[in-house]
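J.: Here it is, the structure, as structure tokens.
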Amino acid sequence: MAPEAAANPDAFHEADVAYALDRAGYSASGRLMFQHYLWKDATGCLIHPSILSDVGGGGLGPKSSNGEVETRIADVGTGTGAWALDVAALSGVDGIDNFIVHGFDISDEQFPPAHILPENVRLSVGDALADVPDGLRGTFDIVHVAHFAGVRALGDDPGPVIRHALALLKPGGWIQWDEWTREVEVVTLSPSPHCDTALGVSAKIFPPWLHDIAGHLSKHGVVQSARHDSHPRNTLLPGLTALWYMTAEEVIKIGFEEPTRSMMMQMLLAAHKETKDPKIRAMFRMCPSSVVGKKPVDA
């Protein structure tokens, strides 16, 4: 398929898809788990060091009945709960406070079985675009938001999720928003026109607010808002490339109807041939980006 014959990504927007990815299938859950471990390897952390330094410097939360500091963390859009479980496992390690982690997602289809959850992890159904229940307002020291680029219901404005996260946060608490940046790089031995085309089409699908999450947070009163990008090492490129193809295929199957779906899949398969071609070996470098900031103490 020639690059100029690529499908029109506007069909995705016309399909009125609320969420661009799958929730029900085992492949979707596997992709999320794979994504989590690649992210952790590429960044070297789960919670950004600027937040951990505050936690380690005396703790954010109140003391429990046994005198230990407890830090309450909300994971908004928890999915499989992988981040929540990994963060909970940090509790008490190397001087880190005891973490109590509560994961929320609009669907529980990808939650792990409740009986395997540790005592300091709870997973619940919750809508990040809706008002926060009174019992949860202002109760968390850290709110983690991750991978909302596929939530088409947000449109061009992440404001509803930001307001939801800030309502969960205590005054002076931290927000961390994790997304893959839109600035994906094709790493190749020789020209890869099909990969270039596929990358160009995918860039049109994802929302423009990914470029300036820090700015959007600042507009909603978040202070010390800063973006921290990671540049994954070359040995992670095969995994990142596989994740890129897995995500793209899922988006195509969920977000497009025929005949556009078939046209998009042809484009993806043509790109994959360039990835397998020993003379080209085109790969995609996706870069993790964490935006952190604080809710004002007087908010």
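The values are calculated or read from the model by the stated rules, or taken from the named source; none is laboratory data. Keep in mind that what you see is a predicted model, and the values were worked out from it rather than measured. Every residue, glycine among them, receives a Cβ derived from its backbone with ideal geometry; neighbour counts consider all protein chains shown. Note: areas computed on protein heavy atoms with side chains; ligands, DNA, RNA excluded. Shrake-Rupley method; radii C 1.70, N 1.55, O 1.52, S 1.80 Å.
J.: Being open to solvent by less than 30 Å² (accessible area, probe 1.4 Å) and at pLDDT below 95 is the filter; apply it to the stretch 34-63 and report the residue that is nearest to A149 (Cα to Cα).
T.: Per the stated criteria, the residue is I51.
J.: Considering P118, P112, which residue is more than 22 Å from the chain's Cα centre (by Cα), modelled with pLDDT of 95 or more and not charged (D, E, K, R)?
T.: Working: P112 fails: more than 22 Å from the chain's Cα centre (by Cα).
P118 is the lone residue from the list that is more than 22 Å from the chain's Cα centre (by Cα), modelled with pLDDT of 95 or more and not charged (D, E, K, R).
J.: Would you mind stating whether V145 is within 27 Å of P207 (Cα to Cα) and within 16 Å of the chain's Cα centre (by Cα)? First the steps, then the outcome.
T.: Values: within 27 Å of P207 (Cα to Cα): yes; within 16 Å of the chain's Cα centre (by Cα): yes.
Yes: the conditions hold for V145.
J.: While we're here: Can you name the residue in the stretch 249-265 that is out of contact with any Phe, Trp or Tyr (no Cβ under 8 Å at 6 or more places or on another chain), aliphatic (A, V, I, L, M) and open to solvent by 20 Å² or more (accessible area, probe 1.4 Å) and, of all such residues, is farthest from A149 (Cα to Cα)?
T.: Result: M263.
J.: Also: Considering only residues of the stretch 81-108 that are at pLDDT 95 or above and out of contact with any strand residue (DSSP E or B) (no Cβ under 9 Å at 6 or more places or on another chain), which is most open to solvent (accessible area, probe 1.4 Å)?
T.: D86
J.: Residues to consider are V292, V297; find the one that is in a strand (DSSP E or B) and either out of contact with any Lys or Arg (no Cβ under 8 Å at 6 or more places or on another chain) or modelled with pLDDT of 95 or more (or both).
T.: Details: V297 fails: in a strand (DSSP E or B).
That would be V292, the only listed residue that is in a strand (DSSP E or B) and either out of contact with any Lys or Arg (no Cβ under 8 Å at 6 or more places or on another chain) or modelled with pLDDT of 95 or more (or both).
J.: Another question, if that's okay. For the condition under 24 Å from G30 (Cβ atoms), at pLDDT 95 or above, open to solvent by 40 Å² or more (accessible area, probe 1.4 Å) and not in a strand (DSSP E or B), what is the one hit in T235, T275? I'd like the intermediate steps shown before the answer.
T.: Details: T275 fails: open to solvent by 40 Å² or more (accessible area, probe 1.4 Å).
Residue meeting the stated conditions: T235.
J.: When the residues of the stretch 117-175 are filtered to those that are of a type in the set (D, E) and in a loop (DSSP other than H, G, I, E, B), which remaining residue is surrounded by the most Cβ atoms within 10 Å (Cβ to Cβ)?
T.: The first filter runs over the stretch 117-175 and keeps only residues of a type in the set (D, E), leaving 119, 127, 131, 134, 141, 156-157.
If we keep only those that are in a loop (DSSP other than H, G, I, E, B) as well, we get 119, 127, 131, 156-157.
Working: E119: 8, D127: 14, D131: 11, D156: 8, D157: 12.
Checking each candidate, the answer is D127.
J.: Of the conditions (1) open to solvent by 40 Å² or more (accessible area, probe 1.4 Å); (2) free of Cβ contacts under 8 Å to residues at least 60 places away in the same chain, S218 fails just one. Which one is it?
T.: (2)
J.: Let me ask something else. Yes or no: S218 assigned to a helix (DSSP H, G or I), closer than 16 Å to G159 by Cα and polar (S, T, N, Q)?
T.: Values: assigned to a helix (DSSP H, G or I): yes; closer than 16 Å to G159 by Cα: yes; polar (S, T, N, Q): yes.
The answer is yes for S218.
J.: Could you run through the stretch 181-198 and say how many residues are open to solvent by 60 Å² or more (accessible area, probe 1.4 Å), part of a loop (DSSP other than H, G, I, E, B) and of a type outside the set (A, V, I, L, M, F, W, C)?
T.: Matching residues across the stretch 181-198 total 3.
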